[in-house]
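First the structure, in the form of structure tokens, and then the observations on it.
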Protein chains: 2
Amino acid sequence: MREIVTIKDVAKRAGVSTSTVSRILTPRNNTYMRDATRERVTRAIKELDYRPDVRAQSLRGMIGTKTIGLVMPDTLNPYYQELAYALEEICYKERYGMLVCSSKNSISRELVYIDLLERQKVDGIILTTVGLHKARLDGLIKRGIPIVLIDRDVPGTVVPTLFSNNYMGGCQATQYLIDLGHKKILCVAGSMNVLSNIDRLKGYTDTLGKNGLEIDKKLIIRKGKLTYKNGYKIMKDLLSKSGDEFTAIFCLNDLVALGVMRAIHEKGKNVPSDYSVIGFDNISFSSICNPPLTTIAQPTRIIALNAFKTIRKWKEQALLKKKHRFWDTKLIVRESCRENRFR
Amino acid sequence: MREIVTIKDVAKRAGVSTSTVSRILTPRNNTYMRDATRERVTRAIKELDYRPDVRAQSLRGMIGTKTIGLVMPDTLNPYYQELAYALEEICYKERYGMLVCSSKNSISRELVYIDLLERQKVDGIILTTVGLHKARLDGLIKRGIPIVLIDRDVPGTVVPTLFSNNYMGGCQATQYLIDLGHKKILCVAGSMNVLSNIDRLKGYTDTLGKNGLEIDKKLIIRKGKLTYKNGYKIMKDLLSKSGDEFTAIFCLNDLVALGVMRAIHEKGKNVPSDYSVIGFDNISFSSICNPPLTTIAQPTRIIALNAFKTIRKWKEQALLKKKHRFWDTKLIVRESCRENRFR
DNA sequence: AGAAAATAAGGTAACGTTATCATATAACGA
DNA sequence: TCGTTATATGATAACGTTACCTTATTTTCT
């Protein structure tokens with residue numbers, strides 16, 4: 001039989017009222033209780049294996065549901081997995097539950113999930129949107145759902161939005177290659193016009209310019225998605241033509257970098273002797289692959305922590321001003337880049 | 001201002017009672033309603049952007065919380081990520097929320113999470129335990145929490161437990177290598193005594209025996225965890241001594257296989273020309289790595305689907321008998337194995 | 001036409017908690 | 001000793017919803 005133990009059962013067993021039991025569950029500072037009573041109740045709780053029902057607590061009380069929702073474009077993308085991991089760590093410490101939702105780059109799916117999270121009355125939503133509109137977002141906020149955006153902006157709105165400093169990362173990667181003596185640097189940029197990619201690309205072009213190097217449009221590949229498969233395909237095509245136009249490759253994420261490296265190896269060429277390759281994201285596999293990938297690390301943990309904090313401190317003033325915040329990226333040197341001595 | 005729209009607001013706006021609104025939210029077959037009324041209510045819901053509160057619904061009604069909990073030993077392990085992915089897909093279709101919890105191979109952390117999920121009154125828990133005891137599990141069941149175990153057993157209990165046929169996978173991998181002409185096959189098995197590993201190892205030894213090959217205990221490495229790092233270390237040690245005692249390597253999971261391959265490459269040797277390597281799990285990176293890894297795929301999606309189904313159909317009879325179920329593994333041939341012509 | 005059945009909606013209590021108010025006893029200061 | 005405050009607990013209503021019961025209107029059948 002399904003035997004649900006409630007606060008009434010505890011009260012009866014301890015010979016007190018439910019109020020007294022409740023006082024133990026929700027300790028406020030200004031409450032008096034005899035030690036003997038406290039002990040009797042505590043014992044009853046233990047003996048009955050009682051656990052308060054968070055639904056009921058949050059429905060009546062002033063606490064929330066102790067749950068947050070994380071909505072990401074792609075759960076299989078290692079970068080988001082690491083974001084989820086960092087966030088889970090924080091949730092664990094705070095004894096929060098984390099509802100993980102993958103929009104799979106579909107806006108309709110994202111909306112279904114946001115709706116679901118709202119019905120579940122989560123204490124907040126952390127969202128990397130694939131195209132939420134201002135109206136929807138404002139609706140959410142009006143209805144009192146704390147929401148924090150990560151990596152991607154919703155134009156015209158005032159929600160706190162947290163970013164890696166993607167521009168900085170683009171600069172770091174490019175400058176590193178230039179310092180190694182590379183002058184002709186291919187950039188595999190993908191076709192998607194999300195802010196993070198635009199910034200990385202801008203970092204690339206600006207840094208070329210700052211170093212007095214020419215910006216060759218033929219060296220900026222803006223097609224397809226930033227996936228392993230696409231990186232492989234792009235590089236394969238390029239190498240089948242000539243492959244002489246560049247000595248280094250800046251990939252806008254690690255996944256494409258992996259695909260690019262695979263195509264290079266298949267062609268019988270070597271990384272880093274023939275081509276230097278640098279990625280972005282520092283996914284866990286970039287330290288494992290062959291050769292280990294030099295890349296730009298995002299401040300994932302810091303972003304996760306601040307997202308959580310923002311939700312917890314959510315007040316009306318969050319609405320008052322646009323709050324874009326950026327955190328520094330970091331160059332991680334491994335073995336996929338080498339000095340350019342020849343060309 | 002935080003403006004929570006409730007069923008009362010909808011009722012008021014539509015000019016009906018809350019009962020009538022509720023009837024629309026929870027459609028039972030035997031309910032009558034005038035079309036005009038239905039339409040008025042539906043419109044009010046839309047206009048107010050009303051969304052029912054799942055907490056309240058589940059507290060009063062007969063539905064659950066539409067949430068399940070997934071507890072895994074390691075969220076960063078690609079195998080579990082793919083399990084989570086498969087499960088999320090099912091949850092999405094059913095409009096369930098999924099609380100993702102990583103025990104990080106710590107039993108105390110696992111217990112904290114199970115406790116949290118119980119307080120959240122999830123409709124079920126899907127658990128790959130790192131060492132739950134019978135007593136705890138029986139407690140959960142007594143308290144009416146549907147629970148399904150995956151990959152790992154809790155001895156002496158009667159909970160439905162779902163497995164890949166790890167023994168079969170061990171046989172498939174070993175037989176494949178034998179069919180390629182390998183006679184001396186190293187097995188990197190790790191020290192952990194979990195059922196899945198024991199079964200994989202048994203598949204290995206049984207298949208050797210069935211093919212009339214000697215079982216050389218020196219070729220079974222039972223130390224450390226099944227991680228990339230450890231695989232690398234083990235193979236590096238082995239190669240620094242001699243490396244002549246075997247021509248093929250069966251790794252109990254893909255992660256170690258990746259580490260093993262790295263060590264081989266670092267030694268200037270080649271996979272598959274010098275050593276054939278086969279893994280287990282078919283993690284996404286096994287198709288991306290260099291060379292792409294031949295491996296054994298687990299029926300992850302099937303397991304996820306059945307776990308969910310089991311929870312939904314949870315009845316008292318689930319208690320009546322032990323239900324261990326196994327699903328077939330599958331050999332995935334890629335490029336890390338080759339015929340053994342020389343030794 | 002009258003009774004029975006079908007249709008359509010409202011009223012109320014309850015789910016498991018806690019906030020708030022009320023009450024009872026004990027301790028204290030004059 | 002009495003009034004006042006501190007201590008300790010109980011009673012009740014409410015959170016947002018739905019199950020169940022009740023009531024009012026129609027429709028249908030004889």
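Take the accessible area of chain B alone and of chain A alone, subtract that of the pair, and you get about 5700 Å² summed over both chains, using a 1.4 Å probe. Under a Gaussian network description of chain A, with springs only between Cα atoms under 10 Å, the residue in A:K218, A:K330, A:K184 that fluctuates furthest is A:K218. Rounded to the nearest 5, the antiparallel percentage of DSSP beta bridges internal to the protein assembly as shown is 10%.
Restricting to Cα atoms and excluding each atom paired with itself, what does the Kirkwood estimate give for segment A:44-108 in Å?
On the way: mean 1/r = 0.0715 Å⁻¹.
After inverting the mean inverse Cα-Cα distance, the result is 14.0 Å.
By the Cα gyration tensor, segment A:166-298 has an equivalent ellipsoid whose semi-axes, rounded to whole angstrom, run 19, 17, 15 from largest to smallest. Residues whose amide H comes within less than 5 Å of that of B:S164, counting only those at least five positions distant or on another chain, are B:D151, B:W327 (H built at 1.01 Å from N in the peptide plane). Across segment A:162-261, the relative contact order, built from alpha-carbon pairs under 8 Å that are at least six residues apart, equals 37 percent.
Here the scattering of segment B:246-319 is modelled by Debye summation over its C-alpha atoms, one equal scatterer each and no solvent; at q = 0.11, 0.15, 0.22, 0.24 Å⁻¹ the log10 of I(q)/I(0) is -0.40, -0.57, -0.90, -1.01.
So which DSSP H runs in chain A come out at 15 Å plus along the axis (Cα) with average Kyte-Doolittle of at least 0.0? Correct list, ordered by number: A:107-119, A:254-266, A:300-312. Per-residue 3J(HN,Hα) values for segment B:277-288, derived from phi via the Karplus relation 6.51 cos²θ - 1.76 cosθ + 1.60 with θ = phi - 60°, read 10, 10, x, 7, 2, 6, 5, 4, 6, 5, 8, 9 Hz in sequence order (x marks Gly and Pro). As a ratio to 2.2 N^0.38 Å, the alpha-carbon radius of gyration for segment B:245-284 is 1.09. With Cα atoms as the point set, the radius of gyration and Dmax of segment B:67-221 evaluate to 18.5, 56 Å. For segment A:166-298, the number of Lys pairs separated by eight or more positions or lying on different chains, with C-alpha atoms closer than 15 Å, is 18. Taking the alpha carbon gyration tensor of segment A:1-83, multiplying each eigenvalue by 5 and rooting it gives semi-axes of 36, 16, 12 Å, largest first. For A:K323, the residues whose modelled amide H falls within less than 5 Å of its own, excluding neighbours fewer than 5 places apart on the same chain, are A:T161. Mean sequence separation of contacting Cα pairs (under 8 Å, at least six apart), scaled by the length of segment A:1-63, corresponds to a relative contact order of 40 percent. Alpha-carbon geometry of chain A: the Rg and the Dmax are 25.9, 87 Å, given in that order. Computed over chain B with a Gaussian network model linking Cα atoms closer than 10 Å, the most mobile of B:E47, B:E110, B:E89 is B:E47. Using the 1.4 Å probe convention, the accessible area of segment A:120-273 works out to 39 Å² per residue with neighbouring protein chains retained. Projecting 7 Å from Cα along the Cα-to-Cβ direction, the label point of A:R301 sits 3.7 nm from its equivalents in the other copies, listed shortest first. DSSP assigns beta bridges within chain A; of those with both partners inside it, close to 10 percent run antiparallel.
Which percent of the accessible area of the protein assembly as shown is formed by carbon and sulfur heavy atoms (probe 1.4 angstrom)?
Numbers: 16450 of 31800 Å².
So the carbon and sulfur contribution to the accessible surface is 52 percent.
P(r) tail for segment A:111-152: Cα pairs beyond 17 Å make up 18% of the total.
Between the exposed loop cleavage positions of chain B, defined as chymotrypsin sites (Phe, Trp or Tyr not before Pro) in a non-H, G, I, E, B DSSP state with at most 12 neighbouring beta-carbon atoms within 10 angstrom, the longest gap is B:33-341.
Couplings 3J(HN,Hα) of segment B:247-253, computed from phi: 10, 9, 9, 9, 9, 6, 8 Hz, in residue order, whole Hz [Karplus 6.51 cos²θ - 1.76 cosθ + 1.60, θ = phi - 60°; x for Gly and Pro].
Under a 5 Å amide H cut-off, with hydrogens placed 1.01 Å from N, B:G97 pairs with B:T67, B:I68 among residues at least 5 apart or on other chains.
Quick check on the protein assembly as shown: take the gyration tensor over C-alpha atoms, sort the square-rooted eigenvalues as a ≥ b ≥ c, and tell me if it's rounded (a/c under 1.5), prolate or oblate. Walk me through the numbers on the way to the answer.
On the way: a/c = 2.19, a/b = 1.32, b/c = 1.66.
Since a/c reaches 1.5 but b/c is at least a/b, the shape of the protein assembly as shown is classed as oblate.
Over chain B, dividing the summed -39,500 (n - 2.57) contributions of all DSSP H runs of at least 4 residues by the number of residues returns a 222 nm mean residue ellipticity of -13500 deg cm²/dmol.
Sequence gap at least 6, Cα distance under 8 Å: using those rules, report the relative contact order of chain B to the nearest whole percent.
Numbers: 590 pairs, mean separation 54.8, N = 343.
That works out to 16 percent.
Across all Cα atoms of segment A:7-52, the radius of gyration (one decimal) and Dmax (whole number) stand at 9.6, 27 Å.
The values are calculated or read from the model by the stated rules, or taken from the named source; none is laboratory data. These numbers come from a predicted model, not from an experiment. Positions of Cβ are backbone-derived with ideal geometry, glycine not excepted, and every protein chain shown enters the neighbour counts. Side chains are part of the model used for accessible areas, which takes the heavy atoms of the whole protein and leaves out ligands, DNA and RNA. Shrake-Rupley method; radii C 1.70, N 1.55, O 1.52, S 1.80 Å.
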